[in-house]
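One structure, pasted below without further comment.
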Amino acid sequence: WIFIVDQLNTHKSESLVRLIASLCQIDIELGVKGKKGILASMKTRQAFLSDPTHRIRFVYLPKHTSWLNQIECWFSILTRRLLKRGEFTSIDDLSEQILKFIDYFNRTSAKPFLWKFQGFKESE
């Protein structure tokens, strides 16, 4: 299993390291959180969770890359155009308005996202 995750602290937590060690049957001393071993720091926990020899492994996306994820772009549109200013009387009303917005958006505005970013230039 490979999980692609962002840089949130929860994706580098002590409990996640312990869970993965257990699920992968890795029977080693993990250390003490904040003091020693694999659990010593976020960096050491991330290194353990990223180890390609483990059956379950995490791949950490660089910081500030959520804009590359097209579903994040879509949710941004939904939030700005409907949810931010919307008034909803119930969960059913919210659900109905979201479905209506999706239908409207697909009929009037849906098109592939145009990627203009070409990467950062190396500093000279």
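The values are calculated or read from the model by the stated rules, or taken from the named source; none is laboratory data. Bear in mind the structure is a predicted one, so any value in this text is a computation, not a measurement. Reconstructed Cβ throughout: ideal geometry from the backbone, glycine too, with neighbour counts over all protein chains shown.
Only one of 7, 25, 70 is on the phi > 0 side of the Ramachandran plot and polar (S, T, N, Q). Can you tell me which?
Only one candidate qualifies: 25.
Which condition from (1) modelled with pLDDT of 95 or more; (2) of a type in the set (Ser, Thr, Tyr); (3) within 20 Å of the chain's Cα centre (by Cα) is the one that residue 76 breaks?
That leaves (1) as the condition not met.
Quick one: residue 67 ticks every box in (1) touching a helix residue (DSSP H, G or I) at 6+ places or on another chain (Cβ under 6 Å); (2) at pLDDT below 95; (3) not polar (S, T, N, Q) except a single one, so which number is it?
(1)
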